[in-house]
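The values are calculated or read from the model by the stated rules, or taken from the named source; none is laboratory data. Please read all numbers here as calculations on a predicted model, not as lab measurements. So basically every Cβ, Gly included, is an ideal-geometry build from the backbone, and we count neighbours across all protein chains shown.
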Amino acid sequence: MAKSMKVVILCGGLGTRLREETEYRPKPMIEIGGRPMLWHIMKMYGHHGFADFVLCLGYKGQVIREFFLDYHAMNADFTIQLGVKPKVAYYDRDAIEKWRVTLAETGAETMTGARLARVAKYLRGTFLLTYGDGVSDVNIHDLVAFHRSHGKLVTVTGVRPPSRFGEMDIKDNRVISFNEKPQVSQGLINGGFFVMEPGFLRYLSDDPGLVLEQEPLRRCAQDGQLMIYRHDGFWQPMDTFREYELLNRLWTAGEAPWKTWKD
């Protein structure tokens, strides 16, 4: 069943262009409206019924571990009985997300392709993949339905923001070539929000320098196994301090397009 698909989130990057925010915490833990970017991404998937997550940890991964270990205590009322054998009773359990979260250490310096390869043991069947630093109002149901319709190994969501991201040449919804961060970009770019079949994992290796967006996806495209789902709605990464400020302004103003869930 589609809702049982795992959602892999790449959470291990250094976030060097946001050094003022990432010196003490990983990029996915930078807060938008008082909640980590990672929480916003997980809420997006949760809204569509996908609630089984695999988080690829790396740089300062202990911050993410602590966030989830303390999640109930930080998000629900509770009574604690102190003493030799302390007991905690939590209230408002219905208000806490029913997520299943696997936290996997994938290496502080590991690149995206190797991170995915290192969590392959937790994956069964078709799975979803995204980055831990961007939000969108993409309809995950429609994305998965499109993926099911063509029978190829990978679907990537294509969007049209600035030229500093990877560009894809498209013909009849099939990706002809995949070029990461060209100097001049005029077409759709990689917006993340992938759907993948287990067969794609054969393109990967445990080499810590393996970048998903380079050789693996390029070979996949050359083999005719990479398709694109076109998304014309909202998509916004958080690569710079200006983008961080933009996302916070949208949230504070109650105009966050990615907030498709109800409080």
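Which residues, taken from the stretch 79-104, are more than 23 Å from LEU123 (Cβ to Cβ), of a type outside the set (A, V, I, L, M) and surrounded by 12 or more Cβ atoms within 10 Å (Cβ to Cβ)? Give the derivation first.
We begin by selecting, within the stretch 79-104, every residue more than 23 Å from LEU123 (Cβ to Cβ); these are 79-96.
Among the residues that remain, those that are also of a type outside the set (A, V, I, L, M) are: 79, 81, 83, 85-87, 90-94.
The answer is TYR90, and nothing else.
Between a residue in the stretch 42-59 that is on the phi > 0 side of the Ramachandran plot and touching a residue at least 40 places away in the same chain (Cβ under 8 Å) and any residue that is surrounded by fewer than 22 Cβ atoms within 10 Å (Cβ to Cβ) and in a helix (DSSP H, G or I), which pairs come within a Cβ distance under 6 Å, given they are 6 or more apart or on different chains?
Here the result reads GLY49/LYS3, each pair linking the stretch 42-59 to a residue that is surrounded by fewer than 22 Cβ atoms within 10 Å (Cβ to Cβ) and in a helix (DSSP H, G or I).
Consider LYS43 against the criteria (1) basic (Lys, Arg); (2) at pLDDT 95 or above; (3) touching a Ser or Thr at 6+ places or on another chain (Cβ under 6 Å): it satisfies all of them except one. Which criterion is unmet?
If we test LYS43 against (1) basic (Lys, Arg); (2) at pLDDT 95 or above; (3) touching a Ser or Thr at 6+ places or on another chain (Cβ under 6 Å), just (3) comes out false.
Please verify whether GLY15 is crowded, with 21+ Cβ neighbours inside 10 Å and at pLDDT below 95, treating the condition exactly as stated. Give the derivation first.
Details: crowded, with 21+ Cβ neighbours inside 10 Å: yes; at pLDDT below 95: yes.
Taking the combined requirement at face value, the residue satisfies it.
Hey, any hits in the stretch 211-221 for a residue that's among the small types (Gly, Ala, Ser) and buried (at least 22 other Cβ atoms within 10 Å of the Cβ)?
Yes; the residues of the stretch 211-221 include at least one that is among the small types (Gly, Ala, Ser) and buried (at least 22 other Cβ atoms within 10 Å of the Cβ).
Can you find, within the stretch 114-124, the residue that is surrounded by the fewest Cβ atoms within 10 Å (Cβ to Cβ) among those that are part of a helix (DSSP H, G or I) and over 14 Å from the mean Cα position of the chain (by Cα)?
Filtering the stretch 114-124 for residues that are part of a helix (DSSP H, G or I) and over 14 Å from the mean Cα position of the chain (by Cα), the one surrounded by the fewest Cβ atoms within 10 Å (Cβ to Cβ) comes out as LYS121.
Name the residue, out of TYR24, TYR59, that is hydroxyl-bearing (Ser, Thr, Tyr) and at pLDDT 85 or above.
Matching residue, one of TYR24, TYR59: TYR59.
Between a residue in the stretch 68-80 that is under 20 Å from THR102 (Cβ atoms) and touching a residue at least 24 places away in the same chain (Cβ under 8 Å) and any residue that is of a type in the set (Phe, Trp, Tyr) and not in a helix (DSSP H, G or I), which pairs come within a Cβ distance under 6 Å, given they are 6 or more apart or on different chains?
HIS72/TYR90
Which residues, counting only those in the stretch 222-240, are exposed (fewer than 14 other Cβ atoms within 10 Å of the Cβ) and over 21 Å from ALA145 (Cα atoms)?
Hits for the stretch 222-240 are GLN222, ASP223, THR240.
List the number of the failed condition for THR130; all other conditions in (1) of a type in the set (Ser, Thr, Tyr); (2) more than 21 Å from GLY12 (Cβ to Cβ); (3) modelled with pLDDT of 95 or more hold.
(2)
I need every pair where a residue in the stretch 238-263 that is over 22 Å from CYS11 (Cβ atoms) has its Cβ under 8 Å from the Cβ of a residue that is in a loop (DSSP other than H, G, I, E, B), sequence separation at least 6 or different chains.
LEU250/ALA256; LEU250/PRO257; THR252/GLY33; PRO257/ASP137; PRO257/GLY233; PRO257/PHE234
Would you pick out the residues in the stretch 64-82 that are modelled with pLDDT under 95 and either in contact with a Ser or Thr (Cβ under 8 Å, 6 or more places away or on another chain) or among the β-branched types (Val, Ile, Thr) (or both)?
Passing the criteria: THR79, ILE80.
Modelled with pLDDT of 90 or more and not polar (S, T, N, Q): does that describe ALA104?
yes
Residues that are at pLDDT below 95 and either among the aliphatic types (A, V, I, L, M) or under 24 Å from VAL119 (Cα atoms) (or both): which strands (runs of 3 or more DSSP E) entirely in the stretch 164-247 hold 2 or more of them?
Numbers: elements: 167-171, 174-179, 194-196, 226-230, 235-237.
Counting at least 2 such residues, we get 167-171, 174-179.
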